[in-house]
Amino acid sequence: MKRRVKLPLRKTAAKYRRARRSLREPISARSRHGLDWTNFFISDVQTSFGSFVAFYLAGLHWSKPDVGLVLTVGGLAAVISLVPGGALADESAHKRLLVACGIVSLAGAALIYALAPAFYTVMLAEVLHGTTAGLIGPGISAISLGLVGRRAMSSRTGRNQRFQAAGTAITAGIMGFIGSRFSTPAIFFATAAFCAPALLALSLIRPDEIDYHRARNAKTGEQSRDLSRLPDLAKNRPLLIFAACLMLLQLADASMLPIIGENLALSASGFGSLYMSGLIVTPQVVVAGLAPWAGYHSEKRGRKPLLVLAFAIEAARALLLAFFSSYSVLILVQLLNGISSSIISVLTILVIADLTAGSGRFNLMTGVVGMLQAIAAAISTTLTGFLFAKFGTSMGFFAITGVATAATLLLWSALPETKPAKYLD
């Protein structure tokens, strides 16, 4: 019996390795590893923001509406920066410089949190943090596509997400230890320190290997300088549907972990930072393992089936939180989040690349979609702060469940399969 089980597993593993090799990236080992570790250390820097910020401010006795307000300011700053940042990533030949500026801004925001956590200085830190969204996200996507092309982009995107998730998981554990052993402000000093290795890793990527036209998903040959008109992109119905689905999902998902973090800060006494770290680490471990799998199976089975599965999982998470609040259930909820995130984080980039092929506007549209998600996330953190305060935890999570379910139904009924039959680059 054992032998019968082992043989199919070995055959499946061998088949998976052969398929992965067929998608291998056509770049040097130095650039490949440089991009890997850039993703790893950038996630290190970003880990202390978001959920840790909500936990930190709640521990300073900030009210839920005030926490929601400053997080909204950061979200609005991201909204303002994403579209020009995406356009700049399309036009600029210095894509590494864009990412470097984002990393330095994150360091500044972290130091403000550590040294001066007053209301208006925290607002400034959130603005700095938000504006990096228009530099780092489109910059990493442009570098990735410019290095490997669309044929290997599924493998590259899965690898990006693996290293980002691994960095987040490891750093969250470190941050939790630092917060419990020393103080919560020490988390932000450590965040600023992680900027140095992030910049070093970025410098390893060879700029001559980043193809300028390929990096913005332009046509090949003599038409590589042609750009699609923005009104034409605005008429791209599948792209509009996909953006709407992501907005609805972000409206539901963005506030879940911050709300959990605020509740932990009020109820878990001295172990709150360790508990919060566990909730952050859990999904990242899952993403690190499953993100390459999501890229591989999106080539084999298509984008849409995986996306529908991931959206449905987010609705199930919110429903569980409406009924249960024990820490063991929170861990289960975060495991589910890891499965959905491993799919959505990879396939968002791939679907946008599919729908903008030959347009030369890949990074701009990545910025536009990111802007719409940031708007939804900003609205989510503000609305849920008041919603949970007025109606209680259960009703708040029921409302979130309804929004996530609507996003799933829209995706299932209206979005066509986007994977092309053949790549042209």
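The values are calculated or read from the model by the stated rules, or taken from the named source; none is laboratory data. Just so it is clear, the structure is predicted and the values come from calculations on it, not from any experiment. A quick note on method: Cβ atoms are made from the backbone with ideal geometry, for glycine too, and the neighbour counts reach across all protein chains shown.
A few comments on the model shown:
- All conditions in (1) closer than 27 Å to Gly137 by Cα; (2) in a helix (DSSP H, G or I) hold for Pro416, with the sole exception of (2).
Condition check ((1) at pLDDT below 90; (2) within 19 Å of the chain's Cα centre (by Cα)) across all residues:
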residue: His61; (1), (2): yes, no
residue: Ala77; (1), (2): yes, yes
residue: Ala100; (1), (2): no, yes
residue: Ser105; (1), (2): no, yes
residue: Val127; (1), (2): yes, yes
residue: Thr131; (1), (2): yes, yes
residue: Ala142; (1), (2): no, yes
residue: Gly146; (1), (2): no, no
residue: Arg156; (1), (2): no, yes
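For every residue, the table says whether it meets (1) within 30 Å of Ala357 (Cα to Cα); (2) among the aliphatic types (A, V, I, L, M); (3) in contact with a strand residue (DSSP E or B) (Cβ under 9 Å, 6 or more places away or on another chain).
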| site | (1), (2), (3) |
| --- | --- |
| Ala152 | yes, yes, no |
| Thr157 | yes, no, no |
| Gln164 | yes, no, no |
| Thr171 | no, no, no |
| Met175 | no, yes, no |
| Ala190 | no, yes, no |
| Ala193 | no, yes, no |
| Leu200 | no, yes, no |
| Ile205 | yes, yes, no |
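- Region 387-405 - residue that is surrounded by fewer than 18 Cβ atoms within 10 Å (Cβ to Cβ) and in contact with a helix residue (DSSP H, G or I) (Cβ under 6 Å, 6 or more places away or on another chain) and, of those, nearest to Phe242 (Cα to Cα): Phe398
- Counting only helices (runs of 4 or more DSSP H) that sit wholly inside region 165-240, those with at least 1 residues that are modelled with pLDDT of 80 or more and within 20 Å of Gln284 (Cβ to Cβ) are 184-193, 195-203.
- Among the conditions (1) over 23 Å from Phe163 (Cβ atoms); (2) buried (at least 18 other Cβ atoms within 10 Å of the Cβ); (3) free of Cβ contacts under 8 Å to residues at least 60 places away in the same chain, the only one that Ala315 does not satisfy is (3).
- Test for Ala407: is it more than 21 Å from Ala291 (Cα to Cα) and at pLDDT 90 or above: yes
- Some residue of region 134-153 being surrounded by fewer than 23 Cβ atoms within 10 Å (Cβ to Cβ), farther than 16 Å from Asn217 by Cα and in contact (Cβ under 8 Å) with a residue 12 or more places away in the chain: no
- Residues in region 293-307 that are buried (at least 24 other Cβ atoms within 10 Å of the Cβ), in a helix (DSSP H, G or I) and not polar (S, T, N, Q) were compared, and the one that is modelled with the highest pLDDT is Leu307.
- Test result for Leu411, in contact (Cβ under 8 Å) with a residue 40 or more places away in the chain, out of contact with any strand residue (DSSP E or B) (no Cβ under 7 Å at 6 or more places or on another chain) and not in a loop (DSSP other than H, G, I, E, B): yes
- Selection from region 258-275 of residues that are crowded, with 24+ Cβ neighbours inside 10 Å, within 23 Å of Ile174 (Cβ to Cβ) and modelled with pLDDT of 75 or more: Pro258
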